[in-house]
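Peer 1: Below is a structure I'd like to ask you about.
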Amino acid sequence: MRTAFINQLIEEAAHNERIFLIVGDLGFHVVEPFRDRFPDRFLNAGIAEQNMTGVAAGLAREGYNVYIYSIANFPMLRCIEQIRNDVCYYGGNVKIVAVGAGYAYGSLGVSHHATEDVAVMRALPQMTVASPSDPSEARAIATLSARFEGPMYIRLGKAGEKQVFPDDATAIELGQPHCLKESASPNLLLTTGSVLSEAVSQIDALGIDTAVYTLPFVKPLSAEALARLATRHPNMVVLEEHQKSGGIGSAVIERLNDALTEGTLAHWPRIRRLAIDDYYLSTAGKETYMRREAGLTLRTEYFEPTHKE
């Protein structure tokens with residue numbers, strides 16, 4: 001996913017001289033093509049992520065659309081004060097690219113697990129939060145972000161994620177759910193991030209009839225679009241590789257509540273949130289193993305309206 005994103009960013013940079021990339025002394029063999037092609041718009045800030053964010057904010061004030069790129073928590077949790085005060089407060093044109101969402105770096109332990117980032121980033125005023133689910137969506141978000149003015153957090157997987165959407169399914173819209181599979185069933189699976197491919201495999205293995213939509217943008221998130229989905233599919237399962245508090249499921253419930261209040265949703269759907277409970281995993285291992293340990297496994301009964309918690 002990260003390679004697909006950077007390759008598309010290179011294509012955008014060829015036509016947009018405002019695009020500038022800063023890395024925190026990593027990403028080599030991925031970002032090198034950008035560095036070699038646009039050396040005047042590339043900077044290795046070293047292992048100094050807070051400074052990297054400040055430099056990005058300054059370049060944005062000079063008219064650049066700046067991308068900062070690092071592993072998981074480092075361009076986000078380590079830099080939260082700089083993001084808040086130097087980027088969001090001024091509405092700076094800075095894109096924070098966090099590689100290794102969720103348990104992608106599972107073998108490196110909690111310091112490298114990005115499982116609170118959506119909650120933190122979507123709480124910041126003016127921050128847009130993007131979370132592509134496969135390389136196709138990653139390319140689409142690279143294109144959209146290159147034309148987008150303002151702060152954006154882009155939550156990527158690591159490497160080797162399967163492409164689930166077809167190559168031509170790159171037309172995504174800001175704040176809109178993205179349809180992978182429609183169904184006449186009352187069931188709906190909403191998910192985001194690289195857990196999508198595993199979720200689709202589980203659905204196929206279990207023979208579950210359900211519509212499947214991704215949320216390439218967690219913020220903004222259209223209450224009207226979610227209301228339409230909830231009306232067609234009142235049995236909803238939200239799957240996320242993130243803490244349950246403040247994550248994608250929380251965002252969906254908040255926006256559906258807004259729709260109910262505004263009158264665009266007539267009846268409240270049944271919603272099951274499948275996310276990481278209020279703990280850190282003390283184990284380490286591959287992402288698939290960590291997901292199982294966190295209970296992120298779909299079951300047939302989750303899609304049965306008579307299922308009781």
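Peer 1: Output the pairs from K95/K181; K95/K162; K158/K181; K219/K244 with a Cα-Cα distance over 22 Å in this structure; if there are none, say none.
Peer 2: Violating the 22 Å limit, Cα to Cα: K95/K181; K95/K162; K158/K181.
Peer 1: Can you figure out the FRET efficiency of S282 with N44, using R₀ = 45 Å and their beta-carbon distance, to the nearest 0.05? All intermediate terms of the calculation are to be shown ahead of the outcome.
Peer 2: On the way: r = 34 Å, r/R0 = 0.75.
Calculated value: 0.85.
Peer 1: At 0.36 nm per residue, minus the direct Cα-Cα distance, what do E254 and E62 gain on full extension? Give it in nm, one decimal, please. Let's see the in-between values first.
Peer 2: On the way: separation 192, 0.36 × 192 = 69.12 nm, distance 3.66 nm.
Contour length minus the Cα-Cα distance gives 65.5 nm.
Peer 1: Further question: So if each residue of separation counts as 0.36 nm, and I subtract the Cα-Cα distance between L108 and E173, what length gain in nm does that give?
Peer 2: Fully extending the segment from L108 to E173 adds 20.0 nm.
Peer 1: Looking at the chain, what % of the alpha carbon pairs are farther apart than 33 Å?
Peer 2: Above the 33 Å cut-off, the chain has 21 percent of its Cα pairs.
Peer 1: Here's a follow-up. Using a 10 Å Cβ count of at most 12 others and DSSP loop calls, identify the longest part of the chain lacking such trypsin sites (Lys or Arg not before Pro).
Peer 2: Working: sites that count: K286, K308.
The longest such stretch corresponds to 1-285.
Peer 1: I would also like to ask the following. Tell me the relative contact order for segment 2-156 as a rounded percent, counting alpha carbon contacts under 8 Å between residues six or more apart.
Peer 2: Values: 281 pairs, mean separation 39.9, N = 155.
Rounded, it is 26 percent for segment 2-156.
Peer 1: Run lengths n ≥ 4 of DSSP H only: what is the helix-derived mean residue ellipticity at 222 nm for the chain, with -39500 (n - 2.57) per run over all residues, to the nearest 500?
Peer 2: Values: 9 runs with 94 residues, N = 309.
My calculation for the chain gives -9000 deg cm²/dmol from helical runs alone.
Peer 1: Between N51 and E17, what is the label-to-label distance in nm when each label sits 7 Å out along the Cα-to-Cβ direction?
Peer 2: Distance between the two pseudo-spin positions: 2.9 nm.
Readers should treat all values here as calculations from the given coordinates under stated rules, not as data from a laboratory. Keep in mind that what you see is a predicted model, and the values were worked out from it rather than measured. Counting neighbours? That spans all protein chains shown, and the Cβs are built from the backbone with ideal geometry, glycine included.
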